[in-house]
Amino acid sequence: MSATEVVFLLFAALAVGSALLAMTTSQLVHSALWLVVTLGAVAGCFVLMTAEFVAWVQVLVYVGSVVVLVIFALMLTRQQSTISAEVTGNRWTAAVLGLVAAVGLGATVVSGFHGERIEGRRIGTARSLGDALFNDWVLPFEILSGVLLAALVGAIVISRSGTER
């Protein structure tokens with residue numbers, strides 16, 4: 001096992017561990033911060049797979065925008081610190097179903113690749129990624145930006161609804 005594979009496994013373990021902490025913590029702000037750690041570890045995995053462009057997009061779009069928007073929405077809606085992320089009694093059912101889904105997905109990936117190894121430099125160039133992004137994926141990114149803007153405006157409206165104008 002090479003050093004790159006060991007570091008990849010460390011990043012993967014960090015991503016899985018912090019994702020579990022993001023799901024199980026009772027404080028919403030702590031959950032958002034654990035999500036930052038998870039997304040950062042995934043970006044580290046992308047760097048090790050020689051997909052630097054995707055790693056920077058991961059950091060800029062998800063860590064830099066989505067998580068900041070979530071934290072902004074939490075601050076603007078003035079959530080009380082005693083509110084818990086657990087609202088139903090289905091915690092164990094959800095955990096079992098999530099574990100079954102993870103095992104099924106892992107088995108599918110393992111059976112699909114049969115031990116094949118990906119060479120590091122077969123990844124597309126920045127030019128081909130840019131062409132795909134600006135030709136094929138423009139509409140989904142624009143829709144995503146509209147949804148994020150609507151969420152931020154909705155948080156502002158909710159935070160202002162209890163105050164006098």
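The values are calculated or read from the model by the stated rules, or taken from the named source; none is laboratory data. As the structure is a computational prediction, the values presented were derived from the model and not from experiment. Note that each Cβ is placed from the backbone with ideal geometry, even for glycine, and that neighbours are counted across all protein chains shown. Protein only, heavy atoms only, side chains kept; ligands, DNA and RNA dropped before computing areas. Shrake-Rupley method; radii C 1.70, N 1.55, O 1.52, S 1.80 Å.
Below is a table of values for the structure above.
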quantity: Projected label distance in nm at Phe134 and Val7, using a 7 Å step from Cα toward the beta-carbon; calculated: 3.1
quantity: Area accessible to solvent at Leu144, 1.4 Å probe radius, in Å²; calculated: 70
quantity: Volume in Å³ per residue [convex hull over Cα atoms, computed for the stretch 1-77]; calculated: 61
quantity: Probe 1.4 Å, all protein chains present, accessible-area order of Phe53, Phe46, largest first; calculated: Phe53, Phe46
quantity: Phe8, Phe134, Phe141, ranked by accessible area, largest first (probe 1.4 Å); calculated: Phe134, Phe141, Phe8
quantity: Exposure ranking of Trp92, Trp137 by accessible area [1.4 Å probe, largest first]; calculated: Trp92, Trp137
